1. Suppose we filter region 118-154 for residues that are within 16 Å of P171 (Cα to Cα) and of a type in the set (S, T, N, Q); how many remain?
2. With in a loop (DSSP other than H, G, I, E, B), closer than 22 Å to V77 by Cα and among the small types (G, A, S) as the only criterion, which of A134, A126 stands out?
3. Do we have T97 as closer than 18 Å to G73 by Cα, in a loop (DSSP other than H, G, I, E, B) and touching a Pro at 6+ places or on another chain (Cβ under 6 Å) here?
4. Select, from V131, V109, V118, the only residue that is surrounded by fewer than 16 Cβ atoms within 10 Å (Cβ to Cβ) and either over 21 Å from the mean Cα position of the chain (by Cα) or closer than 19 Å to L68 by Cα (or both).
5. If you scan region 138-196, which residues turn out to be outside any loop (DSSP other than H, G, I, E, B), among the β-branched types (V, I, T) and over 16 Å from V92 (Cβ atoms)?
6. Does P160 satisfy the condition of being at pLDDT 95 or above and in contact with a Lys or Arg (Cβ under 8 Å, 6 or more places away or on another chain)?
7. So how many residues does region 152-197 have that are out of contact with any Asp or Glu (no Cβ under 7 Å at 6 or more places or on another chain), β-branched (V, I, T) and more than 30 Å from A105 (Cβ to Cβ)?
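The values are calculated or read from the model by the stated rules, or taken from the named source; none is laboratory data. Computed from a predicted model, the values in this text were never measured in an experiment. Glycine gets a Cβ as well: all are built from the backbone with ideal geometry, and neighbour counts include every protein chain shown.
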Amino acid sequence: MSKGHGRRTAGAAATAVLALLLAGCGGGGGGDGKADAPASPGGGAATSATPGAAGGDQTPSTEPTQILAQIKGGDNVVVTITSAVRDQGGYVTIQGTVTNNGTKAFNAVAWRGEETAVVKSGASVAGAVLVDEAGKKRYYVLRDTDGLCLCTMDLIGVQPKESRPIFAQFPAPPPTTTSVDFELPTMPPAQITISEG
């Protein structure tokens, strides 16, 4: 009996030691606080890195916090442009958010523009334009075969303090054009820089 009891006690002690060792290894990921130190100073970077959890801390930390332009319009509606990327296919995609800082719901009917061809797009950013001052050209939002804009639609009922993502796709200006004005009906123009995708 004493031999069996001794084996059980030794086995339990070994299990306890092993559990302690594993707990120590699991918590300290090999940095002993050094890995946590860079993340602490950049509080915003740490927050923005969370959504893009693919091991690339630097890319997610810079893109979501980047602001190319902020446009303030009537009724305290703010458009923030965070990305303007030229891709290999010859398009420029603009991305950002619309935030309603006002006191009543916002509908983007006026942002559709005056063109009859984009009426089907409804409350949208179909009226957005990129203006290349140097090249003296205007670039309108692209449309699909049904005449709908390649942009954010259904921008209705944006409640006070609510933000929604927006995008619009345009034909790309020549590669030498890196700066354009982004214009949206009823809003002041804003200069943005195009980056290469």
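1. Restricting attention to region 118-154, the residues satisfying the condition of being within 16 Å of P171 (Cα to Cα) are 125-133, 135-145, 147-151.
Narrowing the set further to residues that are of a type in the set (S, T, N, Q) leaves 145.
So the answer is 1.
2. Working: A134 fails: closer than 22 Å to V77 by Cα.
Result: A126 is the single residue among A134, A126 that is in a loop (DSSP other than H, G, I, E, B), closer than 22 Å to V77 by Cα and among the small types (G, A, S).
3. Details: closer than 18 Å to G73 by Cα: yes; in a loop (DSSP other than H, G, I, E, B): no; touching a Pro at 6+ places or on another chain (Cβ under 6 Å): yes.
Against the criterion (closer than 18 Å to G73 by Cα, in a loop (DSSP other than H, G, I, E, B) and touching a Pro at 6+ places or on another chain (Cβ under 6 Å)), T97 does not qualify.
4. Numbers: V131 fails: surrounded by fewer than 16 Cβ atoms within 10 Å (Cβ to Cβ); V118 fails: surrounded by fewer than 16 Cβ atoms within 10 Å (Cβ to Cβ).
Being surrounded by fewer than 16 Cβ atoms within 10 Å (Cβ to Cβ) and either over 21 Å from the mean Cα position of the chain (by Cα) or closer than 19 Å to L68 by Cα (or both) holds for just one of V131, V109, V118, which is V109.
5. Scanning region 138-196 gives a single hit, V158.
6. Values: at pLDDT 95 or above: yes; in contact with a Lys or Arg (Cβ under 8 Å, 6 or more places away or on another chain): yes.
Spelling it out, P160 is indeed at pLDDT 95 or above and in contact with a Lys or Arg (Cβ under 8 Å, 6 or more places away or on another chain).
7. Residues that pass the stated criteria total 4.
A quick yes/no check of all residues on (1) at pLDDT 95 or above; (2) farther than 16 Å from S83 by Cα; (3) in contact with a Leu (Cβ under 8 Å, 6 or more places away or on another chain):
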| position | (1), (2), (3) |
| --- | --- |
| K136 | no, yes, no |
| T152 | yes, no, no |
| T176 | no, yes, no |
| F182 | yes, no, yes |
